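The values are calculated or read from the model by the stated rules, or taken from the named source; none is laboratory data. None of these values were measured; they are calculated from a predicted model. Counting neighbours? That spans all protein chains shown, and the Cβs are built from the backbone with ideal geometry, glycine included. These accessible areas exclude ligands, DNA and RNA; they are computed on the full protein's heavy atoms, side chains included. Shrake-Rupley method; radii C 1.70, N 1.55, O 1.52, S 1.80 Å.
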Amino acid sequence: MVIRDWHYIDFLLVTGDAYVDHPSFGIAIIGRLLEDQGFRVGVIAQPDWRRTADFTVLGRPRYACLVTAGNLDSMVNNYTGNKKRRPEDVYSPGGKPGLRPDRATIVYCNRLREVFPGTPVIIGGIEASLRRLAHYDYWDNKVRRSLLLDARADLLVFGMGEKPVGEIARRLAKGEAVSDLTDISGTVFASAGYEKKAVLLPSFEQVRDDKKKYAEAFKLSYNEQDPFTGRPLIQPHGEQLIVQNQPGRPLTTEQMDSIYGLPYMRGYHPFYKQEGGVPALQEVEFSITAQRGCYGGCAFCALTFHQGCIIQARSHESILEEARLLTELPGFKGIIHDVGGPTANFRSPACSKQVRSGACRDKQCLYPDKCRSVQVEHADLLELLRKIRSLPGVKKVFLRSGLRYDYLAYEKDPGVLRELCRHHISGQLKVAPEHVAPAVLKYMRKPGHEVYEQFTEKYTKANRELGKKQYLVPYFIVAHPGCTLKDAVKLAEYIRDMGYNPEQIQDFTPTPGSLSTCIYYTGIDPLTGEKVYVPRSERERKMQRALAQYRNPQNRQLVKEALHQAGRSDLIGRGPKCLVW
């Protein structure tokens, strides 16, 4: 501020992450976007919330404080799926834990209200986005109010916030009161009354006290998340109404190019150098975000609730410009680690209808089978990758952000997979079948296991033709709603038959906003009304995990207990099919 001769800032950004000026970090995008629009922006990263001094160091902002917990929900960031404190925080300098509070958005907002009374406080990021309505909180094991009320914020921005934040900033600068900003897509506000047409959800009190009402509210909100057809939502909280406006429209290619072309420093703040930097940067420093959104529709993923299912892609020119920039960075060794997004091989909307009028309300693109309207298309991706790998200074371009294996399985041209295996797989390909039991895949909203088998055959054949030995590494989730011990045994038998010893197994964690979390809490599939078995006890969760890692000697007793309970004692012994002896 001194160097720039600034005596004030327009917007104060407060984040639970260490500050990394890179487009993979939401706070960096919002800060650079506001700067590009002519505003003076100050950032306070990981303030000490136990006192007020850190919050006042840049002075009172002219227009508003913008608050985010960081790139992750603070409770997900701080705790494992078994509610144990994480020993590391990759979004903190040196990976040090404990530098952000639990429920960071609430804590930061309370401090800002204390030091800057009367200044508008606006919350956003994934924590605010996925907690925008009454929601089940796994760590409290109860239904909590909208985060807007608990944080005592003036406005909540949900989804990817560039458009709404830009409009909010411009209107505040023109002198509008924050209380008048009730018509902006992609925002949530509290009101004593609302006269426009909207979908009325069961109240906070109803969903808190009645699981059927919770499931009803989830289904109603789930069906209104499309930016073209989604209607405003109202959820009473006592005497107040929480109003969610229509989701924001997808960004155009030109808008995406503009955002990712802003002058990021592409590194962590020099202040963190003495602590070894920020570990989260290592995964993305030499990677490129090429698109947003995903129409995969997995039940355990809240991406549809946050980024949406309509793909938004950058142009080849924009991505190539960033690739050239990477080749000039110190430490670049010729390898671009990733070019992708939530799903690397989704480069365009699922079908032409999505572009014109939004996603279908009553069916999924890839579940239970591929919709006949889905256009399987990899030509644009391959063309882009060819251009990148031909750039001077680029030796290799890998895809690590998740190739959608079922989408590749539906690809009729075998040359597509061969080219990916020849140039863009780094010895192993990580994919996410998640499970093998039909009942579990049903509640995960994943395709049948036979689709994964079809893909493995294609992948093996492609590598054999290329003379390459490249492995397929599957990710699995245990203790997901719908998964019984018998289903967990079925997964263990599959792992046995593969000759695979998985080091990484994900315990299902109920995170706000996902369909699976609603099923976990209510025991009801809200979209069908069907009752669902849920493995909730800590003991059963441990048994399901132990079955997936039955080769670990430390799991022997748990595996035997699980097999006895599942009626599969035949798998205990010295036989070739036995899991333990």
Residues that are open to solvent by 40 Å² or more (accessible area, probe 1.4 Å) and either on the phi < 0 side of the Ramachandran plot or in contact with a Phe, Trp or Tyr (Cβ under 6 Å, 6 or more places away or on another chain) (or both), drawn from the stretch 555-571: Arg556, Gln557, Lys560, Glu561, His564, Gln565, Arg568, Ser569, Asp570
Could you please find all residues in the stretch 22-46 being under 17 Å from Glu275 (Cβ atoms) and either surrounded by fewer than 20 Cβ atoms within 10 Å (Cβ to Cβ) or in contact with a Phe, Trp or Tyr (Cβ under 7 Å, 6 or more places away or on another chain) (or both)? Ala45
Does Ser318 satisfy being open to solvent by 40 Å² or more (accessible area, probe 1.4 Å), over 27 Å from Thr509 (Cβ atoms) and small (Gly, Ala, Ser)? no
Among helices (runs of 4 or more DSSP H) entirely inside the stretch 402-498, those with 3 or more residues being open to solvent by 10 Å² or more (accessible area, probe 1.4 Å) and more than 21 Å from Phe346 (Cα to Cα) are 438-444, 449-466, 485-498
Look at the stretch 50-79 and say how many of its residues are open to solvent by 50 Å² or more (accessible area, probe 1.4 Å), more than 17 Å from Met1 (Cα to Cα) and either of a type in the set (A, V, I, L, M, F, W, C) or in contact with a strand residue (DSSP E or B) (Cβ under 9 Å, 6 or more places away or on another chain) (or both). 1
Top-ranked residue in the stretch 226-262 [being of a type outside the set (A, V, I, L, M) and part of a helix (DSSP H, G or I); ranked as surrounded by the fewest Cβ atoms within 10 Å (Cβ to Cβ)]: Glu254
Has the stretch 510-522 got at least one residue that is over 21 Å from the mean Cα position of the chain (by Cα), more than 27 Å from Gly575 (Cβ to Cβ) and either in a helix (DSSP H, G or I) or aromatic (Phe, Trp, Tyr) (or both)? yes
Listed residues Val43, Val2; which is modelled with pLDDT under 95 and either in a helix (DSSP H, G or I) or among the aliphatic types (A, V, I, L, M) (or both)? Val2
Any hit, the stretch 431-442, residues being within 21 Å of the chain's Cα centre (by Cα) and acidic (Asp, Glu): yes
Has the stretch 313-329 got any residue that is touching a Phe, Trp or Tyr at 6+ places or on another chain (Cβ under 7 Å), farther than 17 Å from Thr289 by Cα and touching a residue at least 12 places away in the same chain (Cβ under 8 Å)? no
Residue among Phe11, Phe55, Phe25 that is aromatic (Phe, Trp, Tyr) and over 22 Å from Phe116 (Cβ atoms): Phe25
Any residue in the stretch 518-529 that is on the phi > 0 side of the Ramachandran plot sitting within a Cβ distance under 8 Å of a residue that is basic (Lys, Arg) and outside any helix (DSSP H, G or I)? List the pairs, counting only those 6 or more apart or interchain. Gly523/Lys531
